[in-house]
Amino acid sequence: LGARVLRSATKAVRAWELVHQAGQEQDGAALLVAAHDLDAAARRPATADSLLALAEQEDPAWVEPVLQRGWVAYAVSRLGGVERSHNEQWIARGLEHAERALASHPNNADALELSATLRYRRYLLNLAGSPTEADELFHRAERDFRASIAANGGARASAQNSLSHLLINKGELAEAKLNALQA
């Protein structure tokens, strides 16, 4: 999101500043990953999450810090490769933030996409406890991707791209291709 859009969503200047600083921490982590300094990169998300927690305290009604904490957890989960316990921990943490965001903003496109992304990652990594839970993860991810796209007027490239991937796994290749093209 652009700085003006984020800034207009809160009246708490300090909350906005903290979210901005957390974004800089995340950007710095991405640069460190690109430079193959994974140890230094791994420290940045904790700092970002702490800043976002402070932003939540500054403006409890503002959903952006909650969402960003979920995306930080998602990013950390990806640093763990396919290591089961690491992914279970960070995906669960991200889902907690997604659920908190959805509880207060049930039609928020970003919250729906976060929920879908984390559930789909959980599905892809085979972290479900049973086949029934795996099916639930898959169908909830699809539903939330679709709801995210709809909540954004049908144009949400990242959700459409992820939905396309999900639909390929579902065997619905024509619709998958349409979503990929729209993304």
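The values are calculated or read from the model by the stated rules, or taken from the named source; none is laboratory data. Note that this is a predicted model, so its numbers are computed, not measured. Every residue, glycine as well, gets a Cβ built from its backbone with ideal geometry; the counts of neighbours run over all protein chains shown. Heads up: the accessible areas ignore ligands, DNA and RNA and are worked out on the full protein's heavy atoms, side chains in. Shrake-Rupley method; radii C 1.70, N 1.55, O 1.52, S 1.80 Å.
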Original post:
Just how many % of Cα pairs in the range 91-168 lie over 21 Å apart, if you round to the nearest whole percent?
Top reply: 21 percent
**OP:** For the range 121-183, state which GluC sites (Glu not before Pro) are in a DSSP loop and have at most 13 other beta carbons lying within 10 Å of their beta carbon.
**Re:** none
Subject >> Cα extents of the range 1-103 along the three principal axes, largest first (Å) >> reply: 40, 30, 19
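Relative contact order for the chain: what is it in percent, counting Cα pairs under 8 Å that are at least 6 residues apart?
13 percent
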Original post:
Going by accessible area, probe 1.4 Å, with all protein chains left in place, what is the ranking of E64, E99, E58, largest first?
Top reply: E58, E99, E64
Subject >> Cα centroid of the range 32-54 to Cα centroid of the range 136-176, whole Å >> reply: 29 Å
Subject >> Surface/4 estimate of mean projected area, convex hull on alpha-carbon atoms of the range 29-72, nm² >> reply: 2.9 nm²
**OP:** Using the 2.2 N^0.38 Å rule of thumb for compact globular proteins, work out how the range 127-183 stacks up: its C-alpha Rg over that value, please.
**Re:** 1.15
Original post:
Mean residue ellipticity at 222 nm from the helices of the chain, using -39,500 (n - 2.57) per DSSP H segment of n ≥ 4 over the full residue count, to the nearest 500 deg cm²/dmol?
Top reply: -26500 deg cm²/dmol
Subject >> Nearest-ten-degree value, helix 157-170 long axis tilted from longest Cα axis of the chain >> reply: 30 degrees
Original post:
Does anyone have the angle between helix 131-151 and the longest principal axis of the chain? Alpha-carbon axes, 0 to 90°, nearest 10?
Top reply: 60 degrees
Original post:
In degrees between 0 and 90, to the nearest 10, how far off the longest principal axis of the chain does helix 13-34 point, with axes built from Cα atoms?
Top reply: 60 degrees
**OP:** Grab the alpha carbons of the chain, take their convex hull, and tell me the volume per residue in Å³.
**Re:** 121 Å³
